[in-house]
Amino acid sequence: MPTPSKGARLGGSPSHERKILANLAAQLITHGQITTTETKARRLRPVVERLITFAKRGDLAARRRVLRTITDKGVVHVLFTEVAPQMAERQGGYTRIIKVAPRKGDNAPMAVIELVTEPVSPKQAVVREATKAAEKAAKVPTPASAPSADSPESAESAASAPSAASGEETAEETKA
């Protein structure tokens with residue numbers, strides 16, 4: 001959980017703010033998206049994301065930890081059986097906040113906070129794995145027994161490499 005903000009709380013007291021966020025989290029899990037003020041949506045996001053992370057663990061301790069925040073067992077059951085499996089491949093970013101038109105009565109800035117149900121793009125996963133592999137390859141130190149660039153052995157291997165490549169090209173040209 002992030003550190004509490006300084007200044008006024010959402011409901012007046014810290015306990016009231018926790019109850020407001022718990023009720024908003026329960027409604028978000030139940031309905032998939034809710035419309036609320038921008039401030040409440042921004043305060044709700046880390047709470048819900050942490051609850052979903054606990055639900056992805058799926059053990060009894062995690063269920064009891066979630067029940068501390070959301071006391072409705074039906075909502076917790078939905079979180080563990082429906083929402084958590086949808087978010088299994090996602091590494092975070094389970095919610096999305098979209099700003100909408102201000103509220104009519106008091107012109108308060110409004111937002112829709114929703115659970116992200118789209119599957120993670122496999123292309124992004126492949127790109128992420130490729131970048132990790134490249135970083136890992138860059139971090140691997142070269143062995144001490146490898147010839148240096150100044151040694152005559154490396155010069156011989158470098159000189160033979162272009163001739164081998166040109167030999168392959170001529171073999172392909174003869175086949176064609």
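For the condition under 12 Å from residue 115 (Cα atoms), in contact with a helix residue (DSSP H, G or I) (Cβ under 6 Å, 6 or more places away or on another chain), touching a residue at least 40 places away in the same chain (Cβ under 8 Å) and surrounded by 14 or more Cβ atoms within 10 Å (Cβ to Cβ), what is the one hit in 97, 70?
Values: 70 fails: under 12 Å from residue 115 (Cα atoms).
Only one candidate passes the filter, namely 97.
Sort out which residues of the stretch 1-30 are of a type in the set (A, V, I, L, M) and modelled with pLDDT of 90 or more, and write them in order of number.
Just the residues of the stretch 1-30 that are of a type in the set (A, V, I, L, M), to begin with: 1, 8, 10, 20-22, 24-26, 28-29.
If the condition is that a residue be of a type in the set (A, V, I, L, M) and modelled with pLDDT of 90 or more, then 20, 21, 22, 24, 25, 26, 28, 29 are the ones that fit.
Taking residue 22 and the conditions (1) among the aliphatic types (A, V, I, L, M); (2) more than 24 Å from residue 86 (Cβ to Cβ); (3) touching a Ser or Thr at 6+ places or on another chain (Cβ under 9 Å), which numbered condition does it fall short on, given that it satisfies the others?
Residue 22 satisfies every listed condition except (2).
Any residue at all in the stretch 68-90 that is within 30 Å of residue 104 (Cβ to Cβ), in contact with a strand residue (DSSP E or B) (Cβ under 8 Å, 6 or more places away or on another chain) and not polar (S, T, N, Q)?
No, because not a single residue in the stretch 68-90 is within 30 Å of residue 104 (Cβ to Cβ), in contact with a strand residue (DSSP E or B) (Cβ under 8 Å, 6 or more places away or on another chain) and not polar (S, T, N, Q).
The values are calculated or read from the model by the stated rules, or taken from the named source; none is laboratory data. Here the structure is a predicted model, which is why all the values come from computation and not from measurement. Glycine also receives a Cβ, built like all others from the backbone with ideal geometry; neighbour counts cover every protein chain displayed.
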